[in-house]
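Beneath this line is the structure, given in structure tokens, with notes to follow.
Values quoted throughout were computed directly from the atomic coordinates according to the rules given, and no laboratory measurement underlies them. All figures in this text were calculated on a predicted structure; none of them were measured in a lab. For neighbour counting, all protein chains shown are included, and Cβ atoms are generated from backbone atoms with ideal geometry for every residue, glycine included.
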Amino acid sequence: MTTYLSLGQTAIELGLICSLCVLALFLSYTMLNVCDLSTDGCFTLGGVVGATFAIAGHPYLAIPASMIAGMLSGFITALLQTKVGIDSLLSGIIVNTGLYSINIWIMGGASLLNMNRTNTVFTIFKEAFPSLSNYSVLLIALIAVICVIVFLVYFLSTKLGLAIRATGNNPDMVKSSSINPVFTTIVGLCIANMFTALSGCLLSQSQKFVDINIGQGMVTVALASLLIGKTVLGHGSILKRASGCVIGAIIFRLVYTIALRFNMPAFMLKLVSSVIVVIAIGIPYLKSQWPLIQRKMKYRRGM
């Protein structure tokens, strides 16, 4: 029982950390209607910058530094899309490809950074609150998630936030309303990539290492979590939908944990991610089509 509780806690911790990336996708994909495929590289960028600053003896400074790095990544992606005229999907792929080299450069040419002897925000928390040392990752990740959700709820209700939502819903109407869609797109992607980089930073510090492939497949994981949360809580207020993102990320990680307990090979986990995405997309569609399917079945039985 202790083993299962430990695995469940680990899944929840990873779910909370990765939910920051899901919330980033919630802003860019759901609100702004931009599919940002630079997520994988930006997540790694946050982890690499966070690890580099922590190794240099600045674990707290690593958090804002990684967020600024993520903001710059989002800014470049948005510029390629809005100023250079590159399609949003292609601009994300270009930035993601370029970030691979940049991340290797930041790591000093290595593909792995070890932080076993490095102070992180989590080790400092353990030293400050020894009675809560077993819950340091859980509590810090929960605080970060709550802060991001509060920010999103407030920000998306401001004039700029409403303009970003309007840009995603109907960019032509936004142009006719004297709102600059270029500006709203840039701001939206910068903020979204800040959250993605923050997620990578916290993951690298919690695991005490970062490798160049730490962000591989994160866009799939985030999309699956986003769709799971939408299926569980459905539509509603920004608070409800953002909370659904967090729940979806935790459910996804719990499914991962169950798959690992069945001794599934590591190379099969990517297939598990794909299957979860298909199920998360397919269930709402089949649910909406179920009355029509029932009518067809009745008609065939009547024949």
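So the values come out like this:
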item	result
Summed residue charge, Cβ within 13 Å of F43's Cβ, Lys/Arg positive, Asp/Glu negative	-3
Mean Cβ count within 10 Å, highest first, over the residues of peptides 140-146, 63-69, 243-249	243-249, 63-69, 140-146
Global geometry of segment 1-70, whether rounded, prolate or oblate, following the gyration tensor of its Cα atoms and the 1.5 cut on a/c	oblate
Mean Cα-pair separation over length for the chain, i.e. relative contact order, pairs under 8 Å, 6 or more apart, %	33
Spacing of the two label points (7 Å from each Cα toward its C-beta) at L254 and H58, in nm	4.0
Cβ-defined net charge surrounding M264, 15 Å radius [Lys, Arg +1; Asp, Glu -1]	+3
Descending semi-axes in Å of segment 124-252, equivalent ellipsoid built from Cα gyration tensor	31, 16, 16
Length-normalised contact order for segment 50-205 - Cα pairs under 8 Å, 6+ apart - percent	44
Mean projected area in nm² (Cα convex hull; one quarter of hull surface) for segment 236-303	7.0
The chain: C-alpha gyration tensor shape, a/c 1.5 cut-off, then a/b vs b/c	oblate
Net +/- balance of residues flanking T196 in space, Cβ distance below 14 Å, scoring K and R +1, D and E -1	-2
Anisotropy class of segment 64-207 from Cα gyration tensor, a/c 1.5 cut	oblate
Above-threshold pairs, the threshold being 30 Å between Cα atoms, out of K175/K287; K208/K230; K208/K270; K159/K230; K159/K287	K175/K287; K208/K230; K159/K287
Per-pair calculated FRET efficiency, R0 = 35 Å: T220 and L72 via Cβ, rounded to 0.05	0.90
Nearest-20 debye value, the chain charge dipole, Cβ charges on Lys, Arg, Asp, Glu	1260
